[in-house]
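Below you'll find the structure, written out as structure tokens, and then a few comments.
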Amino acid sequence: MRSHYCGQLNESLIDHEVTLCGWVHRRRDHGGVIFLDMRDRDGVAQVVVDPDTAEAFANADRARSEYVLRIVGRIRLRPEGTQNPNMPTGMIEVLAKQVDVLNTAATPPFQLDEHGKVGEEVRLKYRYIDLRRPEMIEKLRLRSRITHSVRAYLEDQGFLDIETPILTRATPEGARDYLVPSRTHDGHFFALPQSPQLFKQLLMVSGFDRYYQIAKCFRDEDLRADRQPEFTQIDIEASFVDEQDIMGTTEQMVRQLFQETLDVALPEFPRMPYSEAMQRYGSDKPDLRIPLELVDVDDLMQSVDFKVFSGPAKAEDGRVAALKVSGGAKLSRKEIDDYTKFVGIYGAKGLAWIKVNERAKGLEGLQSPIVKFMEGIVEQLLDRVGAEDGDIIFFGADKTRIVNEAIGALRVKLGEDLDLYTARWAPLWVVDFPMFEADDNGRLSALHHPFTAPSCSPEELQSSPATALSRAYDMVLNGTELGGGSIRIHDQAMQRAVFEVLGIGKEEAEEKFGFLLDALQYGAPPHGGLAFGLDRLVMLMTGSRTIRDVIAFPKTQSAADLMTDAPGEVTNQQLRDLHIRLRQKAQPENAGE
């Protein structure tokens, strides 16, 4: 029906006849001449309809916002003084000779150029309208270019695109599974995959030594701005490789992706051990654009007469860390109070601080409610953090986990609020992760997943699991984890040892993972891989604040689809077919009175 997209029109097509199909973006009536701004996925073009084309003029006259039209006309230069060089099609216009109304449209719930005044719930309810906005079209076009670039790169590197099942069984991957009841197996359930992890490992056992997939994954977890119940992974696995092979291949893929789609040459990818990242930044995905670092001051605080500091400083699981902000003494008391509330989100009981007004004056040149406790150590403290006049020093004192989370998050927030960024892009690899992490009761769980290979023997792992390191690696960009991966366990004895450390007995291991343990007996090669979060990657590359803006039909933060009103109720017959009976909701005591 069309010969060109609106955004393709330019001066090279002067005097050509074109056929456009799209939506009325704007209609203007100027002295008997009607101007239509026609919009499609490629852009906007101006159409002029004169009254001497009676039928076309009549159709243009009744057209309104979002009507669907087909326009046949000739391209000409816009008159002098009406040209718009800032618009791709701003030098030309289409003189229409035929205007066909293909469909009318009700008044849209919001104007596309006024979406900023509309709440996100309205945008998601009418997502098909929201997606007409050029900004949203451009984000999804970039997403398409990204997946095309990834596929082309991996295919060129010899990777095969192989699909893995969506209906599978529950596996421990750190979040709740979405369960699917089976109609044909009474009382049994499938699970939607949190990742293709075990299947891609089995593909390695099968001899497909280079696999990739752009895979849908599902996790029933609490949501944040960068999470969705269903999300997309760029999933990669290869055999006969070590960490350097996987990291080198995927780093080059990301470099090429940024160069092709954004014309950006990413800087060096430094490698940082997990322990160093936590010590210096309080995070295993540090944003290296922000030049602030946590500095340990435990040794100085052990002797102060202030239990808020001395207690954690002396505790085996405690930490006292300082965060110096150059020029931060200008922060108001209200701003400091707001930051105190902010760290409270992460479990911090407060936020101590010292303003350095005039360091040469000693204690008198410092401003703080806690400075009276620092008399004996103040010079050492200021020297250690490199404090100068006009700086502020924040302190975190608590269990190490709380200090890292609270002061690490404060570091990021200060970087954003005070615009402390020193670069546009700051990638890195975080390596040498612990194999396990312990909860408050001392129970161990896999820091990544239980199929990650440790950097030691099974005997060493079992004798000292708390100190064991894994062969895992995460790619981080601007404080966001782009992808995580590891070298996998390919030996049955090692896999059983990991299960035992995690408290998964032989019987449970056979019941849940017998197929994997069996496969590891039949010549499993050394292998490893990495999975990128495609949604997060597109969010970063488009500068979006939420992944909902880079997914065509996302869920809300409560995992609901406002457009289709999902999840919804099902009929009693459907429940009977699935052998399911719903529990009755409790009625209020005075119901029916």
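Given the residues Ile377, Ile407, Ile392, Ile370, which is the only one that is farther than 30 Å from Ser470 by Cα and crowded, with 22+ Cβ neighbours inside 10 Å?
Residue meeting the stated conditions: Ile392.
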Report summary line: Selection from region 500-536 of residues aromatic (Phe, Trp, Tyr) and either surrounded by fewer than 19 Cβ atoms within 10 Å (Cβ to Cβ) or not assigned by TED's automatic domain parsing to the domain that holds Tyr473 (or both) yields Phe515, Tyr522
Query raised in the report: From the list Glu121, Glu114, Glu163, Glu155, which residue is modelled with pLDDT of 95 or more, over 17 Å from Arg41 (Cβ atoms) and not in a loop (DSSP other than H, G, I, E, B)?
Result: Glu155
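In the list Asn86, Asn59, which residue meets the criterion of being part of a helix (DSSP H, G or I) and of a type in the set (S, T, N, Q)?
The conditions single out Asn59.
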Report task. Take Ile214 and decide whether it is within 26 Å of Leu520 (Cβ to Cβ) and not acidic (Asp, Glu). Result -> no
Report summary line: Per the filter on region 289-323, residues among the small types (Gly, Ala, Ser) and assigned to a helix (DSSP H, G or I) are Ser310, Gly311, Ala313
Requested in this report: With the condition kept exactly as written, say whether any residue in region 174-181 is surrounded by 15 or more Cβ atoms within 10 Å (Cβ to Cβ), closer than 30 Å to Glu511 by Cα, acidic (Asp, Glu) and in contact with a strand residue (DSSP E or B) (Cβ under 9 Å, 6 or more places away or on another chain).
Outcome: yes
Requested in this report: Answer yes or no: is there a residue in region 168-185 that is farther than 21 Å from Thr556 by Cα, in a loop (DSSP other than H, G, I, E, B) and among the basic types (Lys, Arg).
Outcome: yes
Requested in this report: With respect to Gly528, determine if the residue is in contact with a Lys or Arg (Cβ under 6 Å, 6 or more places away or on another chain), within 25 Å of Tyr212 (Cα to Cα) and among the small types (Gly, Ala, Ser).
Outcome: yes
Report task. Test Leu160 against the stated conditions and say whether it is under 30 Å from Pro450 (Cβ atoms) and without any contact (Cβ under 8 Å) to a residue 24 or more places away in the chain. Result -> no
Query raised in the report: When Glu358 is evaluated against the numbered criteria (1) out of contact with any strand residue (DSSP E or B) (no Cβ under 9 Å at 6 or more places or on another chain); (2) exposed (fewer than 13 other Cβ atoms within 10 Å of the Cβ), which criterion, by number, is the only one it fails?
Result: (1)
Report summary line: Exception for Lys512 within (1) within 23 Å of Glu243 (Cα to Cα); (2) at pLDDT below 95; (3) not hydroxyl-bearing (Ser, Thr, Tyr) falls at (1)
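Among the residues of region 357-392, which ones are of a type in the set (A, V, I, L, M) and either in a loop (DSSP other than H, G, I, E, B) or under 38 Å from the mean Cα position of the chain (by Cα) (or both)?
Ile370, Met374, Ile377, Leu381, Leu382, Val385, Ala387, Ile392, listed by residue number.
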Query raised in the report: Only one residue in Ala466, Ala497 is assigned to a helix (DSSP H, G or I), more than 19 Å from the chain's Cα centre (by Cα) and within 26 Å of Arg271 (Cα to Cα), so which one is that?
Result: Ala466
Report summary line: So, first residue farther than 14 Å from Ala170 by Cα in region 496-513, second residue part of a helix (DSSP H, G or I) and not basic (Lys, Arg), Cβ within less than 6 Å, six or more apart or across chains; the pairs are Ala497/Pro458; Ala497/Leu461; Ala497/Gln462; Phe499/Ala509; Val501/Pro465
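Give me the residue from region 216-256 that is part of a loop (DSSP other than H, G, I, E, B) and of a type in the set (A, V, I, L, M, F, W, C) and, out of that set, modelled with the lowest pLDDT.
In this case the residue turns out to be Ala225.
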**Report entry** Matching option when the condition is farther than 26 Å from Asn478 by Cβ, assigned by TED's automatic domain parsing to the domain that holds Lys413 and touching a helix residue (DSSP H, G or I) at 6+ places or on another chain (Cβ under 8 Å), among Leu294, Leu381, Leu323, Leu351
**Finding:** Leu381
Query raised in the report: Name the residues in region 73-105 that are without any contact (Cβ under 8 Å) to a residue 12 or more places away in the chain and either surrounded by 15 or more Cβ atoms within 10 Å (Cβ to Cβ) or not polar (S, T, N, Q) (or both), would you?
Result: Pro79, Glu80, Gly81, Pro85
Query raised in the report: Out of the residues in region 1-52 that are part of a loop (DSSP other than H, G, I, E, B) and of a type in the set (Asp, Glu), which is surrounded by the most Cβ atoms within 10 Å (Cβ to Cβ)?
Result: Asp42
Query - Pick from region 53-72, criterion over 45 Å from the mean Cα position of the chain (by Cα) and aliphatic (A, V, I, L, M), ranking: surrounded by the fewest Cβ atoms within 10 Å (Cβ to Cβ) - result: Ala54
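Yes/no per residue for (1) part of a helix (DSSP H, G or I); (2) surrounded by fewer than 20 Cβ atoms within 10 Å (Cβ to Cβ); (3) at pLDDT 95 or above:
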residue	(1), (2), (3)
Glu335	yes, yes, yes
Asp338	yes, yes, yes
Gly350	no, yes, no
Gly415	yes, yes, yes
Leu420	no, yes, yes
Leu428	no, no, yes
Report summary line: Taking region 264-306 and the residues there that are over 21 Å from Pro434 (Cα atoms) and of a type in the set (S, T, N, Q), the one that is surrounded by the most Cβ atoms within 10 Å (Cβ to Cβ) would be Gln302
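Is it the case that region 146-157 has a residue that's buried (at least 19 other Cβ atoms within 10 Å of the Cβ), assigned by TED's automatic domain parsing to the domain that holds Leu257 and either among the β-branched types (Val, Ile, Thr) or without any contact (Cβ under 8 Å) to a residue 24 or more places away in the chain (or both)?
yes
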Query raised in the report: Out of (1) more than 19 Å from Glu379 (Cα to Cα); (2) surrounded by 14 or more Cβ atoms within 10 Å (Cβ to Cβ); (3) among the small types (Gly, Ala, Ser), what's the single condition that is false for Ser310?
Result: (1)
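The values are calculated or read from the model by the stated rules, or taken from the named source; none is laboratory data. The structure presented is a predicted model; accordingly, all values stated were derived computationally and were not measured. FYI the Cβ positions are ideal-geometry reconstructions off the backbone, even for glycines, and counts take in every protein chain you see.
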